[in-house]
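Inspection log for the structure reproduced underneath, given as structure tokens.
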Amino acid sequence: MLSRDEIRKKKKYIVEKLKTKVDALEEEKLKSTLISFIILESYNDKLKNIKLFNLLEKISNGAILEKSTQKFRGMWDDLKINYSSYIDNDYVSFLLQLANNLSQIQVQYDEDETELLPFNFSNEYVIKLSKLFYKELGDKYIEDKAMAILNDESHYGFTKTVLVGNELDYGMTIYDTVFNKPYITCQKLGNLMELQAFNHEIMHGIDFYSMPKIPSQIYYGFHEIPTYTIDYLFHDYLDNMGIDKQQVKALRRKKLQYTKLTASRVLFQIQHRLNEKFGMKNTVNATIQDIKSVITDDLLKEMLEMESCVIADGLYNQILIDKELGLKNLKMIMEHPLPRDKIPDFSFIGLDNNSLLNLSQNIMISSAENNQKNNMLQEKQLQMIRRLINKDSNKLAFIKSSFLIIIIVLFAILIAVLMIKNGGVI
């Protein structure tokens with residue numbers, strides 16, 4: 001990871017550059033990179049004494065964080081204006097159908113994450129495993145970019161503490177579009193998710209090196225397609241390595257949970273915003289145009305992430321069927337981001353909207369079948385336990401009855417002996 005001094009020098013350069021006359025695109029690059037460096041400092045305990053900052057933040061009741069971020073908030077709001085992308089009624093209708101399908105995924109929740117057993121992975125092991133994965137993936141283009149990141153420690157770092165009020169979500173990648181370099185922070189989680197999170201963030205870096213993504217120049221919101229695809233492949237890789245299958249299964253389940261939660265959250269937010277704008281009674285008859293009117297840039301970004309989950313599933317299946325073609329399509333996604341002034345169309349990689357709707361239904365149906373299999377398995381296990389209990393109960397009853405018979409026989413023998421001794425009289 002970059003040192004504090006290196007980041008300060010870069011920030012100082014950007015601040016000075018912003019004082020000069022630059023075009024709109026250059027200004028966006030400078031501002032977004034400056035904010036990225038500020039975020040990077042806030043999420044890595046090697047760059048900032050976060051524990052001390054969090055203590056002072058608690059004592060000041062939030063005043064310190066408020067003051068430190070105030071001057072950058074306006075800059076961030078200016079940038080967000082440029083992220084708006086084109087949508088129409090048909091696309092909104094399509095996204096709603098996706099959300100309805102995915103929200104019906106059947107999966108057991110594990111809110112406290114106890115299903116992931118604790119493992120203490122060294123940083124060296126996490127890095128080595130990622131290197132092996134990208135090498136064995138079998139694509140020279142992706143491997144070269146992965147090694148460019150993994151062999152340069154200034155690209156990444158690990159942290160145990162994050163700034164209060166922030167959520168790292170296991171890992172984070174920020175993009176320096178001024179000096180053209182991604183920087184990765186991965187949280188030390190102490191379980192299998194740590195391996196997935198680091199490998200996931202490396203893919204963000206590969207995506208950036210394939211083509212830097214400037215939000216105002218692309219249909220912003222599909223940046224998780226390559227990483228989610230890699231997550232699915234990484235699960236298979238862990239399976240093939242001989243990692244505990246129940247632990248890998250837990251990772252897959254969490255991925256499915258996240259897809260369902262994202263879709264459910266989208267539907268809830270739409271419902272809530274319709275209620276606020278039109279009232280609960282009128283919401284029942286809301287049109288697609290009404291729904292479109294309440295979709296903000298932030299909500300659209302979440303809807304696009306939901307669609308990304310399905311696209312990634314499609315790419316993963318393509319790779320399983322035809323590895324060369326599937327990886328080719330994955331690289332096309334990275335190298336050819338969609339224009340923000342047109343409705344997203346992924347038919348160029350064989351995933352048009354109808355295909356994506358079918359995939360979302362397959363994910364829903366598959367989850368229901370798996371859930372049914374799990375329930376049947378659990379029922380079989382319960383039946384086996386009941387049989388064992390009944391078997392043990394029968395054994396115990398047999399032992400008790402046998403013991404009683406033995407007592408009766410011994411008592412009868414004792415009576416007979418006494419009668420013989422006493423001449424037939426007891």
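The values are calculated or read from the model by the stated rules, or taken from the named source; none is laboratory data. Please read these numbers as outputs of a predicted model, since none were measured by experiment. In this analysis, Cβ positions are derived from the backbone assuming ideal geometry, glycine residues included, and neighbour counts consider all displayed protein chains.
Taking segment 315-352 only, how many residues are part of a helix (DSSP H, G or I), surrounded by 15 or more Cβ atoms within 10 Å (Cβ to Cβ) and in contact with a Phe, Trp or Tyr (Cβ under 8 Å, 6 or more places away or on another chain)?
So the answer is 4.
Anything in segment 268-279 that is out of contact with any Asp or Glu (no Cβ under 9 Å at 6 or more places or on another chain) and surrounded by fewer than 16 Cβ atoms within 10 Å (Cβ to Cβ)? List them, or say none.
Once the filter is applied, which keeps residues that are out of contact with any Asp or Glu (no Cβ under 9 Å at 6 or more places or on another chain) and surrounded by fewer than 16 Cβ atoms within 10 Å (Cβ to Cβ), segment 268-279 yields Phe268, Gln271, His272, Asn275, Glu276, Gly279.
Take Asp298 and tell me if it is farther than 25 Å from Leu192 by Cβ and assigned to a loop (DSSP other than H, G, I, E, B).
Numbers: farther than 25 Å from Leu192 by Cβ: yes; assigned to a loop (DSSP other than H, G, I, E, B): no.
For Asp298, the condition - farther than 25 Å from Leu192 by Cβ and assigned to a loop (DSSP other than H, G, I, E, B) - is not met.
Suppose we filter Ile105, Ile149 for residues that are modelled with pLDDT under 95, touching a helix residue (DSSP H, G or I) at 6+ places or on another chain (Cβ under 9 Å) and among the β-branched types (Val, Ile, Thr); which single one remains?
Selected residue: Ile105, the only one of Ile105, Ile149 that is modelled with pLDDT under 95, touching a helix residue (DSSP H, G or I) at 6+ places or on another chain (Cβ under 9 Å) and among the β-branched types (Val, Ile, Thr).
Mind checking which pairs have a first residue in segment 186-212 that is more than 18 Å from Asp244 (Cβ to Cβ) and a second that is part of a loop (DSSP other than H, G, I, E, B) and among the charged types (D, E, K, R), Cβ under 8 Å, 6 or more apart or different chains?
Note: pairs meeting the criteria are Gln187/Lys160; Lys188/Lys160; Asp207/Lys213.
Can you name the condition, by its number, that Gln383 falls short on among (1) at pLDDT 95 or above; (2) among the polar types (S, T, N, Q); (3) more than 20 Å from Arg253 (Cβ to Cβ)?
(1)
Contact list please: Cβ distance under 8 Å, first residue in segment 83-97 and assigned to a helix (DSSP H, G or I), second residue among the small types (Gly, Ala, Ser), pairs at least six apart or on different chains.
Going by the 8 Å Cβ cut-off, the qualifying pairs are Gln97/Ser360.
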